[in-house]
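> Sharing a structure here in structure tokens format.
Where a number appears in this text, it was derived from the coordinates with a stated rule and is not lab data. No experiment lies behind these values; they were computed from the predicted model shown. With ideal geometry, Cβ positions are generated from the backbone for all residues, glycine too; neighbour counts draw on all protein chains shown.
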Amino acid sequence: RLDSYPLPPNKKLDRKALPAPGVVRPAVIAVPVAANGGDTQARIAGIWQKVLGVPDIKPADNFFQLGGHSLLAVQAHREMLEVLALPGLSITDVFRFPVLQALAAHIDAKLKPAGSSAPQTPEPAKEVEQEAARGRLDAMSRRRAMRAERLSKLG
């Protein structure tokens, strides 16, 4: 964020005088990866560092807020398949769980045996997943409402 924009005498924005954009990090307490996650989280963080070119990745960092996009997500997915040896990991998992901590929890849940009595996912990961589910449900209900409205106009 800038305190003020560079303005020439004509009071229009001087785009050439703007500083170069940087990575915007959410306001989160910086916790080292190893302190808040397991081996999976640290390995995914290493892959993200390599793919995104970002030196320091925290558990609450979002892949897309760090500069990731769909092509880099595909590249990161391919690296995760190779490094984690997890053939069941889908590319949509990277989009469904863009936060490092949530993705690691999801992968750990996939790696865990079915009868394991350990907790499924950490609470922050569940909140992220529930929020994504609510967003999908809202979008589906809006589509249904628009479809019903179109059909009522035709009939």
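> On a full-extension model of 0.36 nm per residue, what is the gain between Ala17 and Arg147, subtracting their alpha-carbon distance, rounded to one decimal in nm? The partial results should precede the final answer.
On the way: separation 130, 0.36 × 130 = 46.80 nm, distance 4.79 nm.
Result: 42.0 nm gained on full extension.
> Sorted by mean Cβ packing within 10 Å, highest first, what order do the peptides 65-71, 5-11, 91-97 take?
The most tightly packed comes first, giving 91-97, 65-71, 5-11.
> How big is the C-alpha Rg of region 41-86 next to the rule-of-thumb value 2.2 N^0.38 Å, as a ratio? Numbers along the way, then the final one.
Working: Rg = 9.7 Å, N = 46, 2.2 N^0.38 = 9.4 Å.
Working it through for region 41-86, the quotient is 1.03.
> Quick check on packing: order 80-88, 131-139 by the mean number of other C-beta atoms within 10 Å, highest mean leading. Before the final figure, lay out each step's value.
Values: 80-88: 13.0, 131-139: 10.8.
Packing proxy ranking, top to bottom: 80-88, 131-139.
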